[in-house]
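Any read-out appearing in this document is the output of simple, stated calculations on the displayed coordinates, not a laboratory observation. Note that the coordinates shown come from a computational prediction; the quantities given were computed from them, not determined experimentally. Cβ atoms come from the backbone with ideal geometry, glycine included; neighbour counts cover every protein chain shown.
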Amino acid sequence: QQFASSALILNPSPPSSSSKPSLRSFDHSQSRILGALASLVMDAAAAEVPAEEILFQKHAKYFVRFLNILPARLASHDSTRVTIAFFAVSGLDVLDSLHLLSDSFRTDIVNWIYSLQVAPAPGARPCGGIQGSSTLNVLNPPECCGLEAYRWGHLAITYTGIAVLVALGDDLSRLDRRAIIEGVAAVQRPDGSFSATIDGSEHDMRFVYCAAAICAMLNDWGRVDRRKMAEYILKSIRYDYGISQHYEMESHGGTTFCAIAALELSGQLDILSPDVRAKIVRWLMFRQQDGFQGRPNKPVDTCYSFWIGATLKILNAFELTSFKDNRQYVMSTQDKTVGGFSKWPGSHTDPFHTYFGICGLSFLREAGLQPVEPALNISQRAFQRLKQLHAVWEIEREQPDGNGASSNNSSSSSTCVKRDVRVNIE
């Protein structure tokens, strides 16, 4: 009936037998009508297609496989095994499937994380933290921190390692919190940025975020200069109001998240004026095509459903996005055979994109997924557990030991990590 009606609109009187159809008979207005009708038909067809379902069990089994053994193609990532474990464990948490890990398996993971903890020798440079893999424990001079070379904490690994412990319900009692916080302060650069390790590395917005996340999770900022960190972030805001990895580099969705989340975790988000915040939101909103891209003129990518989505959540602007288009793209990358999500439709899945794809779907309030705390990139359940630990630590700080000193494992009292708890900046 729709097509019959369109024929009447385009040709209200029946053509004579002598007339011949001509392309010229279709003027621009008629072309627009045809386009509108075609759009209606396509929308009606799309409405009849049921939304694709998340394959919860397959994704959960996918993560469990990565906790048991890594495929050969990931051998080059051995030095970051803790981060891969984070994607798997936190992914299971968001999928509400941690019950698939037996108590003994959970204990093994927790003990493995603690075995990678590094504390400096007395009088040595502060190198506390967590290293990425046991294969780094090699005798390879020269020495650093009084330990073998490469035996030092790494900011990204320390952040993800602590997150794994919290997700698995550990009380963090075996963490040397003081050594970790001193290690974070030791890698802060004069410009306010952070290196990954005490022995030097790249220093940029990625490690600014990791430093802020560690301090927030341990509820202690120690000697970290938060004001200097905020200045570094402000100087990295580009002309288009995205935020770059370092001064005068290109705006990027991932580093915009790192910057905004670091300000949120350090209680300094209000340093951004309303006008600047609005312009950052505008830049973020323009990253949505169907899914989200990380930079202008780049293809969309599953992981940016988290990076862009989480940033907009922190800035209270996520509701402005198209939930339908976002979900449709992420679901187009779902592997229906073995589970997992990929970067693009038809490409190989990996733990990184699987985890961030699931987190992006959680922001859409997808049934069956646990809510995600955007700034810390952990489940809300894990975040609430972390706040309970903070309350316990505060009580411990107020209880003097036998020598009249505060009986704490931390270097100084601090504040909690979120906007519902007051944050004091000295």
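Listed values, structure above:
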quantity	calculated
Karplus (6.51, -1.76, 1.60) ³J(HN,Hα), θ = phi - 60°, over segment 82-98, in Hz, Gly and Pro reported as x	4, 5, 5, 4, 4, 4, 6, 5, 5, x, 4, 4, 5, 6, 6, 10, 5
Potential extension, Ala121-Arg227 segment - 0.36 nm per residue separation minus Cα distance	35.1 nm
Cα pair distances of segment 212-363 binned at 5 Å [whole percent]	2, 10, 19, 20, 18, 14, 10, 5, 2, 0
Sequence-distant residues sharing a close amide H with Asp204 (under 5 Å, placed H)	Phe194
Theoretical gain in end-to-end length, Asp275 to Ala75 [0.36 nm per residue, Cα-Cα removed]	67.4 nm
Using a Förster distance of 30 Å, the FRET efficiency for Ser134-His99 (Cβ separation, nearest 0.05)	0.60
Placed amide H near Glu373: partners under 5 Å, 5+ positions off or other chain	Ile378, Ser379, Gln380
Volume in Å³ per residue [convex hull over Cα atoms, computed for segment 56-383]	131
Net length gained if the chain between Asp240 and Arg365 were fully extended (0.36 nm per residue, minus Cα distance)	42.0 nm
Per-peptide average of other Cβ atoms within 10 Å, ordering 188-195, 320-327, 370-377 highest first	370-377, 188-195, 320-327
